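Read-outs: derived from the displayed coordinates by stated rules, not from any lab. Small disclaimer: the values here were computed from a predicted structure and weren't measured. Because the Cβ atoms are built from the backbone with ideal geometry, glycine has one as well, and the counts that use them run over all protein chains shown.
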Amino acid sequence: MKRFRFPLKPVATMRAHQELRAREELAASIHAFAQSAERLAAARVRVSELESILFACRRERLRAADEASFHQAYRRECASEVETHRKFVEARGDMEKSREAYLEANRRTKVVQRLEQRAVEAYRMEGLKSEQAEIDEIAGRRATQGLRMP
């Protein structure tokens, strides 16, 4: 029997490469999301530290120059936190898009894999049928030879 050859092998190879690229993009976007989350957490810590400094200054003597400089720093950090949060949300959206792209690439790869499995199974069944036909033919010849002998 001839050797099995899957006719969609180039398609399977191409889809496997696409899935690999999508997986790498997903990993990069997850990494970017994690870094963004860390930056957001750090920004929130800085804002809370400045808030505590501002409240502590108000309990003690009020120095207008210190109060003004801390307030300006606080406003800068709040603006930075808002920008960091925007980037965090953007990174989460990018991660979700990458995840969807990976799932689609994975689904497309699995479709070709299932087609290949079905083709292999059909090839095996064809081989088993031809072997069975050969065995039946040999058994039939032996049965007819056995009838002619006596």
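Hey, could you grab the Kirkwood Rh for the stretch 61-103? Inverse mean 1/r over distinct alpha carbon pairs, Å, one decimal.
12.8
Please list 110-122, 134-146 highest first by mean number of surrounding beta-carbon atoms within 10 Å per residue.
The densest-packed peptide leads the list: 110-122, 134-146.
What dipole magnitude, in Debye to the nearest 20, does the chain give about its Cα centre under +1 on Lys/Arg Cβ and -1 on Asp/Glu Cβ?
600
Rounded to whole Å, give me the distance from the Cα center of the stretch 114-130 to that of the stretch 34-50.
58
Helix-only estimate, please: 222 nm mean residue ellipticity of the chain, summing -39500 (n - 2.57) across DSSP H runs of length 4 or more and dividing by its residues, to the nearest 500.
The helix-only estimate for the chain comes to -34500 deg cm²/dmol at 222 nm.
Could you work out, for the stretch 9-107, what percent of all Cα-Cα pairs fall into each 5 Å distance bin, beginning at 0 Å and stopping at the bin that holds the largest distance?
Reading upward from the zero bin: 2, 13, 15, 13, 11, 9, 9, 7, 6, 5, 4, 3, 2, 1, 1, 0.
Tilt of helix 64-148 relative to the longest C-alpha principal axis of the chain, in degrees (0 to 90, nearest 10)?
It is inclined by approximately 0 degrees.
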